[in-house]
1. Please go through the stretch 12-33 and give me each residue that is in a loop (DSSP other than H, G, I, E, B), closer than 21 Å to Gln63 by Cβ and without any contact (Cβ under 8 Å) to a residue 24 or more places away in the chain, ordered by number.
2. Name every residue in the stretch 9-37 that is among the hydrophobic types (A, V, I, L, M, F, W, C) and farther than 21 Å from Lys66 by Cα, in order of residue number.
3. Could you check, for the stretch 114-123, whether at least one of its residues is over 26 Å from Ser6 (Cα atoms) and surrounded by 13 or more Cβ atoms within 10 Å (Cβ to Cβ)?
4. Only one of Arg58, Arg86 is of a type in the set (D, E, K, R), loosely packed, with under 15 Cβ neighbours inside 10 Å, within 25 Å of Lys18 (Cα to Cα) and out of contact with any Lys or Arg (no Cβ under 6 Å at 6 or more places or on another chain). Can you tell me which?
5. Looking for whichever is assigned to a helix (DSSP H, G or I), in contact with a strand residue (DSSP E or B) (Cβ under 9 Å, 6 or more places away or on another chain) and within 23 Å of Val114 (Cα to Cα) here; the options are Ala4, Ala70, Ala56. Which one fits?
6. Just to verify a result, which residue in the stretch 104-113, among those that are in a loop (DSSP other than H, G, I, E, B) and of a type in the set (A, V, I, L, M), is surrounded by the most Cβ atoms within 10 Å (Cβ to Cβ)?
7. Leu80 is checked against (1) touching a residue at least 40 places away in the same chain (Cβ under 8 Å); (2) in a strand (DSSP E or B) and fails just one. What number does that condition carry?
8. Can you find a residue in the stretch 50-71 that is more than 21 Å from Leu31 (Cα to Cα) and either under 14 Å from the mean Cα position of the chain (by Cα) or without any contact (Cβ under 8 Å) to a residue 60 or more places away in the chain (or both)?
Amino acid sequence: MAHAYSEVLGCGLAIVAKRRKSATEIESMTLIGEVDGKSVLLVDDLTETAGTLTEAARLLKAQGAKSIFACVSHTLLNDLGIERLRKSDIDELITTDTVHRSAVEGVNITTLSVAELLGEAIKRIHNNSSVNSLFEFNGARTS
């Protein structure tokens, strides 16, 4: 998935490898790739406690990242997650409206709608058409 995003965006790829201690704690993280002086986009499918995101952002900043954006499909943020994001090196969190969330003071969140995508998927299913092409970018499959 990360490789497909880097291809679509026409940019380099770095990976933060993590080792979990528990659902809310990370034992260690390692950066594979070069981020010094670069704007970084962290991509994840789900966050509630924001532990992985904020620890990855801390590591990226320590390795010289200029700015850090996080893109998360489903953001459920509990109190711990909100507090971690407020203190984090993440400049902006970009997410979808798949989960209702009130405004979070002190955290820069941009919410994008999935309504058009879901509507198109429903229409295609109703018409017995393929939905696979909804998950392709420039010929690269992301699923």
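1. Leu13, Gly33
2. Those that are among the hydrophobic types (A, V, I, L, M, F, W, C) and farther than 21 Å from Lys66 by Cα: Ala23, Ile26.
3. So the first thing to find is which residues in the stretch 114-123 are over 26 Å from Ser6 (Cα atoms), and the list is 119, 122-123.
Subset that is surrounded by 13 or more Cβ atoms within 10 Å (Cβ to Cβ): none.
No, that holds for no residue.
4. Values: Arg58 fails: loosely packed, with under 15 Cβ neighbours inside 10 Å.
After ruling out the rest, the residue left standing is Arg86.
5. Ala4
6. Pass one, the stretch 104-113, residues in a loop (DSSP other than H, G, I, E, B): 104-108, 113.
Those still in the list that are of a type in the set (A, V, I, L, M) too: 104, 107.
Details: Val104: 15, Val107: 18.
Per the stated criteria, the residue is Val107.
7. Single failed check for Leu80: (2).
8. Initial filter on the stretch 50-71 (more than 21 Å from Leu31 (Cα to Cα)): none.
No, because not a single residue in the stretch 50-71 is more than 21 Å from Leu31 (Cα to Cα) and either under 14 Å from the mean Cα position of the chain (by Cα) or without any contact (Cβ under 8 Å) to a residue 60 or more places away in the chain (or both).
Any read-out appearing in this document is the output of simple, stated calculations on the displayed coordinates, not a laboratory observation. Here the structure is a predicted model, which means the values were calculated and not measured. Heads up, the Cβs are rebuilt from the backbone with ideal geometry, glycines too, and the neighbour counts pull from every protein chain shown.
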